[in-house]
1. Restricting to Cα pairs below 8 Å that are 6+ residues apart, what does the relative contact order work out to for the chain? Please round to a whole percent.
2. Can you give the accessible area per residue of the range 20-76, in Å², using a 1.4 Å probe?
3. For helix 40-62, what angle does its Cα long axis make with the longest principal axis of the chain, in degrees from 0 to 90 and rounded to 10?
4. What size of dipole, in debye to the nearest 20, comes out for the chain about its Cα centre when the only charges are +1 on Lys and Arg C-beta atoms and -1 on Asp and Glu C-beta atoms?
5. Which value results for Rg/Rh of the chain when Rg is the Cα radius of gyration and Rh the Kirkwood radius based on the inverse mean 1/r?
6. Would you pull out the residues with amide H under 5 Å of A8's amide H, same chain only if 5 or more places away, H placed 1.01 Å from N?
Amino acid sequence: MDHFSPYANEADTLQIGELTLENRLDRIAVFGSLDITKDQAGLAAALALQAALNAVVHTLQTDALPEHISVAPISEGANPF
């Protein structure tokens, strides 16, 4: 697994196949799709996904968490180009 520290910053992403985990300070966004085929490539993809989710769960279990947070919607700025 590439270095991915859950909730550490607003920049890191982890790509597993077509599945993306996007780091935020208050959440991890997961989008896309991942085919876990019954072969060595599928095993590698499943293990990478498991490692990423284990890191997320570990962080959640070790941090002091509020009951619930309010997540502000993501707004897009004007394209400067």
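1. It comes to 21 percent, rounded to a whole number.
2. Using a 1.4 Å probe on heavy atoms only, each residue of the range 20-76 averages 76 Å².
3. 40
4. Working: 3 positive and 11 negative charges, 26 e Å.
Once rounded to the nearest 20, the dipole reads 120 debye.
5. Details: Rg = 14.9 Å, Rh = 14.4 Å.
With Rh from the inverse mean 1/r over Cα pairs, Rg/Rh is 1.04.
6. Hits under the 5 Å cutoff: none.
The values are calculated or read from the model by the stated rules, or taken from the named source; none is laboratory data. Every value quoted in this text rests on a predicted model; they were computed, and no experiment measured them. With ideal geometry, Cβ positions are generated from the backbone for all residues, glycine too; neighbour counts draw on all protein chains shown. Side chains are part of the model used for accessible areas, which takes the heavy atoms of the whole protein and leaves out ligands, DNA and RNA. Shrake-Rupley method; radii C 1.70, N 1.55, O 1.52, S 1.80 Å.
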